[in-house]
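What follows is a single structure, written as structure tokens, with notes after it.
Taken together, the values in this text are just the output of simple stated rules run on the coordinates, not laboratory data. Quantities reported herein were computed from a predicted structural model and do not represent experimental measurements. Positions of Cβ are backbone-derived with ideal geometry, glycine not excepted, and every protein chain shown enters the neighbour counts.
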């Protein structure tokens, strides 16, 4: 990307639009917006090269608050619209802002196909396990049994796990972060931007009004370090307040162990390789859930594979170079034509 | 029942060909018999010889319905002539029926006393049973007075190929060329164009080239020798304008017209589409046009088709999505997004029989109301309709020109009849087309997304990557001045009226409607879209009979041409003819309430016949 070579000095403020942010006070979205503005200001990409494209839902108001090119589209379709924009101009840095309802219910089909194609877009999936904008109905990620306005007796549906879904759809980049962890979110957003192909970042986001405390068990101050595993590529999967817990592979299952107990040393702990092509372990890590496991945050999967948009343009260039048809007139007169005199 | 069909025996003869003005031939057989190819090859030869022609493929939705059954019959009708040919012909002078089912499906389309060429090898009890005949088909259909040619097509094909060592499947597959050879003899046409086709098509399989040539010649010689075909015919070249010609079908013409528009506008073309009959071949042609820089995106569904295109339009491409009625229904929410964001977009609706899956391979004009109104909210779009296979090129171009210059979605309406029908086309090089100037934002000026040209009300197009023009658009209502989200009641009314007025002002750039035939008089035929050929032919015949009649055929449906009311007022009676229950008639009634509209409607998945139109008009004139 030629635009990235020319270093541009920005501050997060350069990415704030003049629009008043209208999310509820205390909503996790505010922190995500801050993380995004910070990441964009640090990426060295010229501001006019960003396009922020959203669907419908609370999170999808995002583009209005960004001083970039922005497109607030229709429910569920942001992945398709973002794909069209990116393929049209691969030089752009295209970000899709979506939520658990937008991306996984009405837009599920577009999400999996964008991921399968590996279009070089960055998808930020705000997962608050609830429909917020329509005021509190269950979503495809609501926990089984959750009581909401449309499930007054509890849902009887199993939720989607975004990581498993994305990896199952041939996903090459999947990361997870917590809304209020601005440092981690910023790092992950930047890594997603650098990844060539579809990047999906699940942001565990708290809805203060309709699903407050959905992540309290893993994110309250007291337990957060014991219940979150922050992954670093090439490093052992160690976590805990005292950095004394780790993940090992026991047969076909992951298991939490304590360093120093039963002769376990750091050498026994699994090393995280985000670039491992085999999706098996990445799926298992992304599926770890409290209370049996810590929840994995960070970049879970980051595998190199040619991006769709680049391949499309490479193919066009190749066909162009080899074809006798250089203009529409060439086409009109190609094949069988005859002259009437 | 013991019936045997005896083949006509060869016998030498020599006679001068009889000259004809025009002839209609219908090829029919199983959908695997290659009837579409046979018809196309005959059409190509006729076109090279300078005849005018029009074709009409009529094929089933099933790719391979059970062999020998009526449901699996595929037909291809071609009308070739020395005069100006506008329709594929109402009834066939010659029917080729490769089996009894083909006869059953098509006997009613043969002119009284016409010629029917049968593959006698398939006219046996097994074939009769499959087709549902209980008795001799000729008797059952009442065809005794017709000129029935009983040709042993399958067995003579096998006989002529017996020394080539081909597998039986390849042998039987070439029997359509035997029938084609017979037709070439009958019309004194050379085999060379078709032989050239074999050479190009099967370059890597010389044995197939040889087999097809052998069978084609065998058919030709058989026709030359049998007594039943006592004479051959000749159609002299049509008197058509000088120039370069090619055969073209509606879908190819649509694709090429859009390509021409992209080139004229200096933009790359993006097409996001999902395969759907009968629109698919536009996407196929576009996918092959990477040499012209086309970005073709086969989407996961109809909605993604249009949404990727909207994303492409946002990014500054000439964006297109192609579909048919059911797909258009799925796209309707996204069309609304293009309306409210005022992004240029061409949506091609190749209509088919509906509702729901309806008649996928048959033609109909029943999407008009959906195209005009099938969206939530006040959601006006410009609507253009092509009327012949070849003018799909021009109207696709114009649809794109309007979309790009007026920053709005435009729906181009064609249908299955235009999509698959073909005709010779005097090639229109891009130099003969007008220019296209999209309203790009000035890089050196301040940019407001909803600032408008005071004359046209068109907003400017700022493309991501233009420094300083960063802005947000979206599906929420926007402030008329600032372009930010606005829930203000009065602003919404202003924006709604502005969007409507913007489309209305396109009127200034579309031509007045011209009346064909008498400029005033007793009856005005009104049509739109693919019925043109039949309506114009009916008009000619009515005028020949001394009727005071005219034809107003619409290509611009929204907005309507400025002189529409004036034209409608020039005749004592108006009859709106369309392949639906009267949607355009209803639309005219709403817009021009002062007139009385009579209707001719047909909802059979088939085009009008000229006779039907004439009968309806004559009946109206008698009242």
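How crowded by other chains is B:296-306, given as the mean number of beta carbons from other chains within 10 Å of each beta carbon?
On the way: counts 3, 9, 0, 6, 11, 4, 0, 8, 12, 2, 4.
Other-chain Cβ atoms within 10 Å of each residue's Cβ, averaged: 5.
Computed from the Cβ-Cβ distance with R0 of 60 Å, the FRET efficiency linking residue B:155 to residue B:373 stands at 0.55. By DSSP, the beta bridges lying fully in chain B are antiparallel in about 35 percent of cases.
Kindly identify segment B:333-468 as rounded, prolate or oblate by the Cα gyration tensor criterion: order the square roots of the eigenvalues as a ≥ b ≥ c, call it rounded if a/c is under 1.5, otherwise compare a/b with b/c, prolate if a/b is larger, else oblate. The partial results should precede the final answer.
Values: a/c = 3.02, a/b = 1.52, b/c = 1.98.
The shape class here is oblate.
Percent antiparallel among DSSP beta bridges with both residues in segment B:246-432, to the nearest 5? Could the numbers behind the result be given before it?
Details: 5 of 27 bridges.
The answer is about 20 percent antiparallel.
For segment B:364-434, just say rounded, prolate or oblate: build the C-alpha gyration tensor, square-root its eigenvalues into a ≥ b ≥ c, call rounded for a/c under 1.5, and beyond that prolate if a/b exceeds b/c, oblate if not. Before the final figure, lay out the partial values.
Details: a/c = 4.68, a/b = 1.36, b/c = 3.44.
Cα axes put segment B:364-434 in the oblate bin.
Based on the Stokes-Einstein relation at 25 °C and a viscosity of 0.890 mPa s, and on the Kirkwood radius from alpha carbon pairs, segment B:12-234 is assigned a translational diffusion coefficient of 141 µm²/s.
Order of B:461, B:528, A:338 from fewest to most other C-beta atoms within 10 Å?
Values: B:461 20, B:528 26, A:338 15.
Ordered by Cβ neighbours within 10 Å, fewest first: A:338, B:461, B:528.
Can you sort A:27, B:577, B:392 from fewest to most other Cβ atoms within 10 Å of each residue's own Cβ?
Details: A:27 23, B:577 28, B:392 34.
Starting with the residue having the fewest Cβ neighbours, the order is A:27, B:577, B:392.
At an R0 of 45 angstrom, the distance between the Cβ atoms of residue B:301 and residue B:508 translates into a FRET efficiency of 0.75.
Mind running the shape call on segment B:156-248? Use the C-alpha gyration tensor, a ≥ b ≥ c as the square roots of the eigenvalues: rounded below 1.5 for a/c, prolate if a/b tops b/c, oblate otherwise.
Details: a/c = 3.32, a/b = 1.33, b/c = 2.50.
Taking the square roots of the gyration eigenvalues as a ≥ b ≥ c, segment B:156-248 is oblate.
Here the protein assembly as shown carries DSSP beta bridges of which approximately 35% are antiparallel, counting only pairs with both residues inside. Here is how the number arises for the protein assembly as shown: DSSP H runs of 4 or more residues each give -39500 (n - 2.57), the sum is divided by the residue count, and the result at 222 nm is -10000 deg cm²/dmol.
Taking the square roots of five times each eigenvalue of the Cα gyration tensor of segment B:515-622, the equivalent ellipsoid has semi-axes of 19, 17, 12 Å, listed largest first. For the pair residue B:207 and residue B:615, label points projected 7 Å from Cα toward Cβ lie 5.3 nm apart.
Using a cutoff of 8 angstrom between alpha carbon atoms and counting only pairs six or more residues apart, the relative contact order for segment B:12-234 works out to 22 percent. The calculated pair-distance distribution of the protein assembly as shown uses every alpha carbon pair, bins of 20 angstrom beginning at 0, and gives 13, 37, 30, 17, 3, 0 percent.
So what is the relative contact order of segment B:515-622, in percent, for Cα pairs below 8 Å that sit 6 or more residues apart?
For segment B:515-622, the relative contact order is 32 percent.
Among the residues of A:85-96, the average count of other protein chain beta-carbon atoms within 10 Å of the residue beta-carbon is 5.
The mean count of C-beta atoms from other chains within 10 Å of the C-beta of residues in A:46-58, rounded to a whole number, is 3.
Hey, what did chain B get for relative contact order, percent, Cα under 8 Å, at least 6 apart?
12
Computed from Cα positions, the angle between helix A:29-42 and the longest principal axis of chain A comes to roughly 60 degrees.
A straight chain from residue B:482 to residue B:545 at 0.36 nm per residue would run longer than the Cα-Cα distance by 16.4 nm. Provide the FRET efficiency to the nearest 0.05 for the residue B:604-residue B:234 pair, computing r from the beta carbons and using R0 = 30 Å. According to the calculation, E is roughly 0.30. Axis angle, to the nearest 10 degrees, between helix B:35-48 and the longest C-alpha principal axis of chain B: 80 degrees. Sorting A:293-306, A:75-88, A:149-162 by average packing, meaning the other beta carbons within 10 Å per residue, from highest down gives A:75-88, A:293-306, A:149-162. The peptide list B:468-481, B:376-389, put in order of mean Cβ contacts within 10 Å with the highest first, becomes B:376-389, B:468-481. Any chance you could give the angle, 0 to 90 degrees and rounded to 10, that helix B:610-622 forms with the longest Cα principal axis of chain B? Computed tilt is about 70 degrees.
Distance between the 7 Å Cα→Cβ label points at residue B:501 and residue A:105: 4.0 nm. Spin-label model, residue A:11/residue B:455: points 7 Å from Cα along the beta carbon direction are separated by 4.6 nm.
Note the full-extension length gain between residue A:225 and residue A:209 as 0.36 nm times their separation in residues minus their Cα-Cα distance, in nm to one decimal.
Values: separation 16, 0.36 × 16 = 5.76 nm, distance 2.56 nm.
That works out to 3.2 nm of additional length.
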